[in-house]
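First comes the structure, then the notes that go with it.
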Amino acid sequence: MAGSEPVSFMQQMVSLEYKLRASPVAVDFARRLCAGTITGHACPECGLVYTPPSGFCSICVVPTNTREHEVEIADRGTVTAFTIVNPIQYRGQKEREVYAVASILLDGASGTIGQQRLGDVDLDRVRMGMRVEAVWLPEEKRKDSAAMGAGLASAIHHWRPVDEPDTPLEEFAEHII
Amino acid sequence: MAGAVPTYKLEFPYKRSLGPIVGAFLTGLRDRQVLGIRSAAGRVLVPPLEFDPETGEENLEWTRVGEAGVVRGFSWVEEPLPKHPLDRPFAWVLVQLDGADTNLVHVLDADSRAAVEIGMRVRIRWASETRGHMSDIACFEPEAG
Ligand SMILES: [Zn+2]
């Protein structure tokens, strides 16, 4: 970029590359997810069900990393909170259209999963208490992510409304952040 | 647990406003000249500072220094990391350019650790294309002869 104008700015790419080895618990979760099942871990002391599981209960400080703690979680739940995102077209942005993400309290889980993409719904119909179910990616598209311990989005494309009555606020009020 | 360890990348493009002193220095590099400033005491500072370090005075006089100089200190890197400027073993060097009283940190492309010593003469190897960036000096190399 030779020129005759004085140089007044300097461009620099600040970047960090790192490797992250998934924990055995995360790999196990991803394998089951890949096969079409969402799993969680139930704490043997307080009974809370964590999904995705971390392998321990952070309240009771006990491990939950064996098969006996594993429970299956429904791929269906309640929207407890949501955001309508108008994607700003900054460098690297992949989204072009307005969309919604939600926190979802899955049936059988004690806590919400965050940042879940909603689809097949008019954005002005999205609401707290709305019942949704997973729209899974075709199986061949899920395969590579298991060993990475990838999260829900590696197997679930989005969540869509189901024809069920809304969950009353009292039933999920403690999960609204 | 077998399986590849995935690599992740975080990055953000950063644009820095340079101001009159660093801007002029990098403009000089783009034009393949190394510029310094002369302090009140007559010392030539390369790279330049925005203030005289002794008196705090501004608006110091610009002066051009040489493209070659003397190694005043170094640190040998046997195993370069991906982000280092050279992909083979090299030395970080403090170079006092001819006409300067201070040292510039840069890279020396030398064949081996044994080829580097304090007091050796080195010369700038310019980047094939200059753009107003510190990397316009691709590196230093031992002065021939
Ligand atoms: Zn517990």
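The values are calculated or read from the model by the stated rules, or taken from the named source; none is laboratory data. Just so it is clear, the model here is predicted, and its values are computed rather than measured. Positions of Cβ are generated from backbone atoms using ideal geometry, with glycine treated the same way; all protein chains shown enter the neighbour counts. The protein model used for the area step is the full one, side chains on, heavy atoms only, and it has no ligands, DNA or RNA in it. Shrake-Rupley method; radii C 1.70, N 1.55, O 1.52, S 1.80 Å.
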The answer for the longest stretch of chain A without any exposed trypsin sites (Lys or Arg not before Pro) (DSSP loop, at most 12 further Cβ atoms within 10 Å) is A:1-90
Any idea what diffusion coefficient the protein assembly as shown gets from Stokes-Einstein, in µm²/s, Kirkwood Rh on alpha carbon pairs, 10 °C, 1.306 mPa s? 63 µm²/s
List of region A:20-39 residues, accessible area with partners at least 10 Å² below that of the chain alone (1.4 Å probe): A:LEU20, A:ARG21, A:PRO24, A:VAL27, A:ARG31
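Take every Cα pair under 8 Å in chain B that's 6+ residues apart, average their separations, divide by the length, and report that relative contact order as a whole percent. Display every interim value, and only then the final one.
Values: 281 pairs, mean separation 30.5, N = 145.
So the answer I get is 21 percent.
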Area buried, chain B against chain A - accessible surface, total, 1.4 angstrom probe, square angstrom: 2800 Å²
Correct response: the longest run of chain A lacking exposed GluC sites (Glu not before Pro), defined by DSSP loop and at most 16 other Cβ within 10 Å, is A:98-177
Spelling it out for B:VAL107: with amide H atoms placed in the peptide plane at 1.01 Å from N, the residues 5 or more places away or on another chain with amide H under 5 Å from its amide H are B:VAL93, B:PHE140
Plugging the Kirkwood radius over Cα pairs into Stokes-Einstein for region B:28-70, at a temperature of 37 °C and a viscosity of 0.692 mPa s, what D comes out in µm²/s? 304 µm²/s
Rounded to a whole number, the Stokes-Einstein D of chain B in µm²/s (Kirkwood radius over Cα pairs; 4 °C; 1.567 mPa s) is 77 µm²/s
Estimated distance in nm for a label pair at A:VAL85 and A:VAL135, the labels positioned 7 Å out from Cα along Cα-to-Cβ: 1.6 nm
Would you mind working out the accessible area per residue for region B:19-142, using a 1.4 Å probe, and quoting it in Å²? 51 Å²
Quick one: among A:GLY92, A:GLY151, A:GLY129, which has the greatest mean-square fluctuation in a GNM of chain A with alpha-carbon springs under 10 angstrom? A:GLY92
Given only helices, namely DSSP H runs of n ≥ 4 each adding -39500 (n - 2.57), what is the per-residue ellipticity at 222 nm of chain B, to the nearest 500 deg cm²/dmol? -2500 deg cm²/dmol
Neighbourhood charge, 14 Å Cβ-Cβ cut-off, centred on A:PRO44 and excluding it, Lys, Arg +1 and Asp, Glu -1: -2
For chain B, which whole percent of the accessible surface, found with a 1.4 angstrom probe, sits on carbon and sulfur atoms? 51 percent
Taking only Cα atoms and a 10 Å spring cutoff, compute GNM fluctuations for chain B and point out the largest among B:LEU86, B:LEU29, B:LEU18. B:LEU18
Over region A:8-163, with every protein chain in place, what whole percent of the accessible area is carbon and sulfur at 1.4 Å, could you tell me? 51 percent
Given the protein chains as shown and a 1.4 Å probe, how many square angstrom of B:MET134 are accessible, to the nearest 10? 60 Å²
Using 10 Å bins from zero, what percent of all Cα-Cα pairs in chain A falls into each bin? 9, 29, 32, 18, 6, 4, 2, 0
Here, A:LEU123 and B:GLU61, labelled 7 Å along Cα→Cβ, have an inter-label distance in nm of 6.4 nm
